[in-house]
Amino acid sequence: MYNAVKDFTVSGETFQLIYNKEWDYLETYPQPSKDKLPEYYKSEDYISHTNAKRNLFEKVYHAVRTISLKRKVKLINSCSSTGKQLLDIGCGTGAFLAEAQKNKWNITGVEPDDKARAIAKSNTGIEIYNTDALDQFTSHSFDVITLWHVLEHLPNLEEHINVLQRLLKKDGTLIVAVPNYKSYDARYYKQFWAAFDVPRHLWHFSQDAISRLFSKKEMDVVKTLPMVFDAYYVSLLSEKYKKSTWQVFRAFYRGWISNSKAKQTSEYSSLIYCIKNR
């Protein structure tokens with residue numbers, strides 16, 4: 001799709017995005033090895049692993065996060081009328097888990113980053129597990145499993161989907177939020193689109209891609225919801241990467257255009273998928 005997409009956050013290296021016709025997603029190429037991949041997360045600029053508010057981008061991120069957390073908890077409350085067992089995979093510093101905990105959810109968190117895991121433990125008062133623990137959890141034990149901008153980070157995609165299906169209760173809900181490479185802001189910013197975030201994002205999904213991947217496992221998307229704030233935040237980072245002038249104003253305009261167009265096309269910058277067993 002694009003010959004060169006740059007890692008603006010950590011390494012400055014370039015990667016290709018290869019279109020997979022069978023699944024309608026883009027693959028980052030080459031993908032770092034399992035041993036090398038953690039090196040691409042070692043940056044103070046990787047916001048999901050820190051509570052810092054040092055600059056405009058971090059302040060915007062945390063301000064939006066505060067509003068989003070309440071919306072996320074409202075969503076999970078609507079998904080489960082009986083059980084309150086929640087698993088959040090890639091929980092970062094645990095802000096969502098803490099908010100769910102306040103709403104009487106029994107929370108379990110998984111996070112691969114050591115520093116983020118420690119902060120999450122402090123925020124929630126519970127042990128936060130490394131990803132290896134997923135294999136040890138009891139099958140069909142969670143009413144809701146959430147992956148907020150996490151699925152795109154996971155190597156061995158099909159294996160992870162198998163794990164999600166095993167852990168989810170038969171009538172449970174899987175909630176997956178991912179960027180949408182068919183959004184207006186993705187098409188406008190092209191190789192500067194911040195949500196490509198190579199090589200940390202190994203996969204880049206469309207709505208068809210999510211439907212196809214989970215349909216293969218006899219799971220169906222039952223609801224799709226927009227993440228309207230993402231268009232503005234991603235546009236702000238994209239303008240930063242372009243080193244443009246008047247970044248805030250340009251980003252707000254592009255985010256507004258993206259959301260306006262998405263009202264007709266449903267192709268929002270990021271989307272939340274509510275997925276259930278067939």
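I need the full set of residues from region 97-119 which are in contact with a strand residue (DSSP E or B) (Cβ under 6 Å, 6 or more places away or on another chain) and either part of a loop (DSSP other than H, G, I, E, B) or within 24 Å of residue 152 (Cβ to Cβ) (or both), in order please.
Passing the criteria: 97, 100, 105, 107, 108, 109, 110.
List pairs: first residue in region 1-19 and within 13 Å of residue 39 (Cβ to Cβ), second residue modelled with pLDDT under 95 anywhere in the structure, Cβ distance under 6 angstrom, at least six positions apart or on different chains.
9/43; 9/45; 10/40; 10/43
Looking only at region 259-278, count every residue that is over 30 Å from residue 161 (Cα atoms) and not basic (Lys, Arg) and tell me the total.
The number of residues fulfilling the criteria is 2.
Please work out if residue 117 is surrounded by 21 or more Cβ atoms within 10 Å (Cβ to Cβ), farther than 26 Å from residue 226 by Cα and not aliphatic (A, V, I, L, M).
In short, yes.
Can you name the residue in region 154-192 that is of a type outside the set (D, E, K, R) and part of a loop (DSSP other than H, G, I, E, B) and is also surrounded by the most Cβ atoms within 10 Å (Cβ to Cβ) among such residues?
183
Looking at region 76-91, is at least one residue outside any loop (DSSP other than H, G, I, E, B) and either hydroxyl-bearing (Ser, Thr, Tyr) or without any contact (Cβ under 8 Å) to a residue 12 or more places away in the chain (or both)?
yes
Could you list, in sequence order, the residues of region 219-261 that are of a type in the set (A, V, I, L, M), closer than 26 Å to residue 74 by Cα and in a helix (DSSP H, G or I)?
228, 231, 234
The values are calculated or read from the model by the stated rules, or taken from the named source; none is laboratory data. If you're wondering where the values come from, they're calculated on a predicted model, not measured in any experiment. Methodologically, a virtual Cβ is constructed for each residue, glycine included, from the backbone with ideal geometry; neighbour enumeration extends over all protein chains shown.
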